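Step one of this worksheet: look at the structure below.
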Amino acid sequence: MSRLTSANEIIANEIIARYPRPKSALIPLLHLAQEQDGYVAEDAMEHLAELVGVTPAEVLGTCSFYEMFKLHPVGTYVINVCGTMSCQLLGADELIHHAEERLGIRVGDTTSDGLFTLERAECQAACTEAPCLQVNYRHEYRVTPDDFDALVDTLAAGGGDVPPHGTLSRVRQHIPANRSVGAVPPEQVTGPPPWLPSAEEST
Amino acid sequence: MTDTPVTITLNGETVECRPGELLIAAAQRAGTYVPRFCYHERMKPVGMCRMCLVDVDMGRGPGLQPSCMVSVAEGMVVDTESDRVKQVQEGVLELLLANHPLDCPVCDKGGECPLQDQTMAYGPGESRFIEEKRHYEKPIAISDLVYLDRERCILCDRCTRFAKDVAGDPLIHFLDRGNETQVNTFPDHPFSSYFSGNTVQICPVGALTAEPYRFKARPWDLEENESTSTVDATGSRVALQSSRNQLVRVLGVDSDAVNWGWLSDKERFGYEATQSDHRLVEPLFRSETEFVPGRWNDAVSRIARDLDGKRVGVLGGARLPIEGQFAWSKLLDTLPNRAYRDAQLDDGLPAGVVLGLPRASIADACAKGGVVVIIGPDLKEELPTLFLRLRHAATEDGVSILELTPRATSLGTHAALSLHPLAGTVGQVAAAIAAGTSSQAVGGVEPAQIEAAAALLASGRPITIIGGRGNLAESGQYTADAIGSLMAAHPDATFLPALRRGNIHGALELGFTPGFAPGGVLDHDDVLDASAILEAAAAGELDTLVLLGSDPIVDHPDRALVERAFDRVGNVVAVDLFMTESCRRSDLVVPAAGFGEVDGSFLNLEGRLSPLQAKVTPPGQARPDWMIAVEIAMSAMTDLGFIDLDELRRSLSSSVQSFSAIDWSMLNSQDDGQRIDLDRPWTPEFADPLVAPPVDGYGLRLVVDRKLWDLGTMVQHAPSLAHLAGEASLGLSTSDFERLGVEEGGVVSIDVAGATHRLAVRRNRDLPRGAAQIPFRLTGFDPGVLLTADRLVTEIRVSAN
Ligand code: SF4
Ligand code: FES
Ligand code: FES
């Protein structure tokens, strides 16, 4: 339920500076907010609205459009079991049923210890590896009920290399000065961006 | 884009269209109505609903295209009635209704609902959907005035587009996605836009309803006529709707010249005051400490006696329709002594500026590619519909705005340049801009900004100057000086006055202002303005003070002066709709008929005359103002030359030159009204610019300005609006705020002229350094106690304890 921390506000302003219009930074900023709290808190959305100069309603409109931004607290590990055709044919329904039994929650809920959230998802583009699931958006292929139990045991014991929900690395990228185009408004852009190899260089 | 017309074939007929015109609009002009939900002629198309699909053939065979998203092109062959079009219309409606609750019998929109009507006309009659529909809590309040029933919403994006693109208040938005998509606000951030009511009017289903009208009437029971809003000087065109002799709804009428169909919520819901239980219904005579009701004839003859041979001052007049103003002005002119009158309560501009400068229309100001200079108030607070037009001009039509305002206004973010001279310096800043350069900063405005402003004005684009009173704490003369300098440097510029009071332009035109007789005729004998009239009253030089719908006790900036005047003057007569503070201090109060109760006309800020039509009968004995004047004259055995409206209007047209060309027979039938003749045989003279006292390094220059929702009589008597008036606080620029070292909302001391006042302080990023702001007529604190009638500027000292 918090605004961005002052450390994150500094990062936020760095991100904003990369764009010609502050509000273009909204998506990466939402990721930042989600990383901070594990979900996108209301206060954080109000804070982002102030930072990029839009209304909180516009931030919520953008945020709620994307499935991967969570508006309510979720478990440390969000498990999305694919329920689309290929996976379904190869046992997704059974897998989901098993997952519910094992975790003691229904799809959409979070375990009382706050560790796991179970979701049913649409095709994860891994149909050849059906049935599959994702833990915090990292794939697990050809998952049997036993595999699922083993996975949950490992995660609950603090094992595995899956970082907590919301953790990102990409928004922290630093753009080297020679590749930065700076925040030039689109209407003022002349010529190709400096990081595109020029015609002579590329031949 | 060229102007050569584009020829298309529409349902077999050849039709000439405007280049670039949308197909749906071109078809409509040619008499073919294509059904639609999301398209709205005053907003950009989005193609959300697909109801407007038609067959379009550009040479490769017909194909379905949304006619709201396609511009006409030469040789286009269009069929709006093909079998395929009929089939998709059925399909689209079946889909739109898939989740619609079909609760028409309990829906306010039933009977005037585009979804209902178009389903009847184009729909399939039956649905194949058997699935459960979406369910939502019905309805939720998204603001104090607007309710949203998400089950009925067809996601046409009209309300959300209006909020973002037209009003600039994107407080409602589509949330979620796919089947879950809904319109909503952010939690605890209501849709508190000054323009929220427009979304209710344009919602093509019953999803958005306005609190004041919910379950009040059925469309088929409504009677309607067209009138003009008297809420402010914009003169927005409205439709008045009544049921059983009660006004129940006001809708915006699309006048191309004025409001484009939009209204502010004050214009839309202010009618509630007409229905108020607190209306005056009978003449009230003071007897010792209380009022006793009396007979109408006694009241009229008493007023006749109070005027005859007496020294009379008249304050107000802007509430009256043109006809009332004319009748009162005739009546006052029959008196043996001059009756001094002023419709502005030291809160406007010198009348010569308003009456004498070449007048712009709203369309002139908003014409593509022009430059608009605003020297005055935040138009969103004082003339909100004009604000919408200018916002559109700035965002869509390449109009550059130069603000010379006491603080950044709501147009500031769209302005090419937003400059904020300290109180008392706008005249000097404008003079520097007119000169083109300045070697030093003036009133906090840097030389580079002055040069940039000068360059903008020198760019050869047409210039409109919009002038009003942006700060009640400084003399209005500074604004006049600024306008004078810019007009002198740019003689082709035109002027649009931003005075806010209802029919103030009618009042000025008909001589309710010092220095002018009706018709803008110079009259140098009549020199007392409102403050001077009050001074005269306070000095015992007036016998009778007449209040024509004015409430100087709370509306005149100088609280102390008004007190002295009311204490001293022998006799106060008030003609009003409500028992205002000033009425309470009067000796006789006469009830007048108000908005929606009288036929008449209204003159807006462009000099555009449009009709006021009666829709309901006035309460009790309340009468039209013109009738009251005629009766007073009769009681004094004077003949004004008219006893009905037609005679009065003939007399007006024959005696007041500016009205001589008005065709009264057309008054009620023109959406855009008629502009009166504003050519004057004189040009305004600008006195030598006033020089502001030097800035005192320890003090702050006070800005007193207005908010839309305030303690004004009309707002306070409209139950849905009354509670919207905010609490007064002292606004400081960020740097002054930080210098003071206080908390947001902390209480500070304000010292002015030896007295100390205490008020909560807030950071206001719109203010320039060195300025302090207190809004006029909010709850909690009355800045009138800080102001004097002879103020040039008002300097205050603020300290943290
Ligand atoms: S509430 Fe009305 S105007 Fe807004 S999107 Fe829904 S149907 Fe359209
Ligand atoms: S169907 Fe499961 S990954 Fe495609
Ligand atoms: S009116 Fe054209 S798509 Fe809605």
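How far is it, in nm, from the label point at B:Asp492 to the one at A:Glu9 when both lie 7 Å from their Cα along the line to the Cβ?
5.0
What ranking do B:Phe191, B:Phe578 get, fewest neighbouring Cβ atoms within 10 angstrom at the top?
With the sparsest Cβ surroundings first, the list reads B:Phe578, B:Phe191.
Hey, how many Å between the Cα centroid of region A:97-145 and the Cα centroid of region B:626-663?
Answer, in whole Å: 84.
Once the Cβ-Cβ distance between B:Glu685 and B:Ser127 is put in as r, and R0 is 56 Å, what FRET efficiency do you end up with, to the nearest 0.05?
My answer for the efficiency is 0.15.
With the cut-off at 1.5 for a/c, could you classify region B:658-727 from its C-alpha gyration tensor as rounded, prolate or oblate?
In terms of gyration-tensor shape, oblate.
For A:Ile175 and A:Cys123, FRET efficiency with R0 = 25 Å and r from the beta-carbon atoms, rounded to 0.05?
After rounding to 0.05, the efficiency reads 0.15.
In sequence order, what are the phi-derived ³J(HN,Hα) couplings for region B:574-588 according to the Karplus relation 6.51 cos²θ - 1.76 cosθ + 1.60 with θ = phi - 60°, rounded to whole Hz, with x for glycine and proline?
10, 10, 8, 9, 10, 7, 6, 4, 6, 4, 4, 9, 8, 9, 8
Can you tell me the length gained on complete extension of the stretch B:Asp3 to B:Ala30, counting 0.36 nm per residue apart and subtracting the Cα distance?
7.9 nm
Give the total of Lys-Lys pairs in chain B with Cα-Cα distances below 23 Å; include a pair only if its members are 8 or more places apart or on different chains.
For chain B, the number of qualifying lysine pairs is 21.
Name the residues whose placed amide hydrogens come within less than 5 Å of the amide hydrogen of B:Ala98, ignoring near sequence neighbours (fewer than 5 apart) on the same chain.
Amide H neighbours of B:Ala98: none.
Collect residues whose amide H, placed 1.01 Å from N in the peptide plane, falls under 5 Å from the amide H of B:Phe191; neighbours closer than 5 in sequence don't count.
Residues meeting the criterion, in which the H sits 1.01 Å from N, are B:Ser143.
What is the antiparallel percent of DSSP beta bridges lying wholly in region A:77-156, to the nearest 5?
55
For region B:461-489 and region B:134-203, what is the separation of their C-alpha centers, rounded to whole Å?
Using only Cα atoms, the two centres lie 39 Å from each other.
Compute the distance in nm between two label points, each set 7 Å from the Cα along the Cα-to-Cβ direction, one at B:Arg650 and one at A:Thr190.
With each label point 7 Å from Cα toward Cβ, the separation is 7.2 nm.
At a Förster radius of 25 Å, what calculated FRET efficiency corresponds to the Cβ-Cβ distance of B:Arg214 and B:Glu743, to the nearest 0.05?
My answer for the efficiency is 0.05.
Starting with the fewest neighbours, write out B:Ile202, B:Ile172, A:Ile79 ranked by other beta-carbon atoms found within 10 Å of each beta-carbon.
If I rank by nearby Cβ atoms, fewest first, I get B:Ile202, A:Ile79, B:Ile172.
Could you give the length gained on full extension between B:Asp397 and B:Glu581, defined as 0.36 nm per residue of separation minus the Cα-Cα distance, in nm?
61.7 nm
Would you please state which residues of region B:94-110 a label at B:Ser243 would reach in this model, taking the label point 7 Å out along Cα→Cβ and a backbone N cut-off of under 16 Å?
Counting only backbone N, you get B:104-110.
How far, in nm, would the chain grow between B:Glu288 and B:Glu541 when pulled straight, counting 0.36 nm per residue and subtracting the alpha carbon separation?
88.8 nm is the gain from fully extending B:Glu288 to B:Glu541.
Using a 7 Å offset from the Cα along the Cα-to-Cβ direction at both B:Met120 and B:Leu522, what is the distance between the two label points in nm, to one decimal?
6.4
Could you list, by residue number, the cysteines of chain A that have no other cysteine's beta carbon within less than 4.7 Å of their beta carbon?
A:Cys63, A:Cys123, A:Cys127, A:Cys132
Sort out for me the Cα centre separation of region B:319-377 from region B:7-60, rounded to whole Å.
Here the two parts' Cα centres lie 43 Å apart.
At a 10 Å Cβ-Cβ cut-off, how would you order B:Leu486, B:Leu315, fewest neighbours first?
Arranged by neighbour count, lowest to highest, B:Leu486, B:Leu315 become B:Leu486, B:Leu315.
Taking a ≥ b ≥ c as the square roots of the Cα gyration tensor eigenvalues, with a/c under 1.5 meaning rounded and otherwise prolate when a/b beats b/c, else oblate, which class fits the protein assembly as shown?
Note, shape of the protein assembly as shown comes out prolate.
How big is the charge dipole of chain B about its Cα centre, in debye rounded to the nearest 20, if each Lys and Arg gets +1 on its Cβ and each Asp and Glu gets -1 on its Cβ?
Using only the charged Cβ atoms, the result is roughly 900 debye.
Show the residues, 5+ positions off or on another chain, whose built amide H is closer than 5 Å to the amide H of B:Leu53.
B:Ser67
Compute the label zone of B:Val106 within region B:152-184: residues whose backbone N is under 16 Å from the point 7 Å along Cα-to-Cβ.
Residues passing the 16 Å test: B:152-153.
Return P(r) of chain B (all Cα-Cα pairs; 10 Å bins starting at 0; whole %; ordered from short to long distances).
The calculated distribution, bin by bin, is 3, 13, 21, 24, 20, 12, 6, 2, 0.
Every read-out reported here was derived from the displayed coordinates using simple, explicitly stated rules and does not represent laboratory data. Because the structure is predicted, anything quoted here is derived from the model rather than measured. Ideal geometry is used to build each Cβ from the backbone, glycine not excepted, and the neighbour counts take in all protein chains shown.
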